[in-house]
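**Student:** I have a structure here, written as structure tokens, and I will follow up with some questions on it.
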Amino acid sequence: APPRESDASRTVIRAPGRLTGGKSDVLLGTADLMPSLLSLMGVGHLTPGAAQGRDLSAAMAGASSSRPDAQLYVPVALPGWDARGIRTAEHTYVIEQTDEGRIERLYERSRDRFQLRNVANHRPALTRQLRRRLTAELEAVGDPWRDTAALDAPRPRRYVPARAMVAD
């Protein structure tokens, strides 16, 4: 399971005249950094069209209407292990892929701060809901994992992390 520290990193941003000082709980994913920072610098129009993240500069400035209710979790793949997940204000849902197969994990952070108790089997409706949400987020960014609904598909003989796949 992803440690809490890896799915919610602290980010310090200084943007005089654009952001007031303080703490924010905006669910800002790694892919959202570039478009948000470019916008805060006043050059949001330079954001490449192929950028996968969202411009969350308005949410960072305090606009409640533009606050996302989830962030995509895409850790660095390791040999024999990779994962994708989604983090909401209350839950962390992760699909892990290992050489042995796939594992779904669901954590209720308000009750399990350190994400030690996987409740995916005890909360099937919420697990399905978050899997659909993760699938939509992965589809939106064109991630190779976007077919998360295929959890019961035959397992590959040897797993190759998405980042290691190269087209000839």
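**Student:** Failed condition for ALA59, given (1) over 18 Å from VAL141 (Cα atoms); (2) without any contact (Cβ under 8 Å) to a residue 12 or more places away in the chain; (3) among the hydrophobic types (A, V, I, L, M, F, W, C), with all others met?
**Tutor:** The failed condition is (2).
**Student:** Looking only at residues in the range 82-101 that are free of Cβ contacts under 8 Å to residues at least 60 places away in the same chain and farther than 18 Å from LEU126 by Cα, which one is least open to solvent (accessible area, probe 1.4 Å)?
**Tutor:** GLY101
**Student:** Please determine whether any residue of the range 127-134 is of a type in the set (Ser, Thr, Tyr) and without any contact (Cβ under 8 Å) to a residue 40 or more places away in the chain.
**Tutor:** Yes: the range 127-134 contains one or more residues that are of a type in the set (Ser, Thr, Tyr) and without any contact (Cβ under 8 Å) to a residue 40 or more places away in the chain.
**Student:** Restricting attention to the range 135-158, does a residue exist that is open to solvent by 20 Å² or more (accessible area, probe 1.4 Å), modelled with pLDDT under 70 and acidic (Asp, Glu)?
**Tutor:** yes
**Student:** I've got another one for you. Anything in the range 102-134 that is surrounded by 15 or more Cβ atoms within 10 Å (Cβ to Cβ), within 24 Å of GLN52 (Cβ to Cβ) and charged (D, E, K, R)? List them, or say none.
**Tutor:** ARG102, GLU104, ARG105, ARG131, ARG133
**Student:** Next up: Could you tell me whether any residue of the range 4-23 is among the hydroxyl-bearing types (Ser, Thr, Tyr), in contact with a helix residue (DSSP H, G or I) (Cβ under 6 Å, 6 or more places away or on another chain), within 30 Å of ALA125 (Cβ to Cβ) and open to solvent by 20 Å² or more (accessible area, probe 1.4 Å)?
**Tutor:** Within the range 4-23 (the criterion being among the hydroxyl-bearing types (Ser, Thr, Tyr), in contact with a helix residue (DSSP H, G or I) (Cβ under 6 Å, 6 or more places away or on another chain), within 30 Å of ALA125 (Cβ to Cβ) and open to solvent by 20 Å² or more (accessible area, probe 1.4 Å)), the answer is no, since none of the residues qualifies.
**Student:** Please go through the range 24-51 and give me each residue that is in a helix (DSSP H, G or I), touching a residue at least 24 places away in the same chain (Cβ under 8 Å) and surrounded by 16 or more Cβ atoms within 10 Å (Cβ to Cβ), ordered by number.
**Tutor:** Result: ALA31, ASP32, SER36, LEU37, LEU40.
**Student:** For ARG54, work out the one condition from (1) without any contact (Cβ under 8 Å) to a residue 40 or more places away in the chain; (2) among the basic types (Lys, Arg); (3) open to solvent by less than 90 Å² (accessible area, probe 1.4 Å); (4) in a helix (DSSP H, G or I) it doesn't fulfil.
**Tutor:** That leaves (4) as the condition not met.
The values are calculated or read from the model by the stated rules, or taken from the named source; none is laboratory data. From a predicted model like this one, the values you see are computed outputs, not experimental measurements. We place every Cβ from the backbone using ideal geometry, glycine too, and count neighbours over all the protein chains shown. We work out accessible area using only protein heavy atoms, side chains counted, and drop any ligands, DNA or RNA first. Shrake-Rupley method; radii C 1.70, N 1.55, O 1.52, S 1.80 Å.
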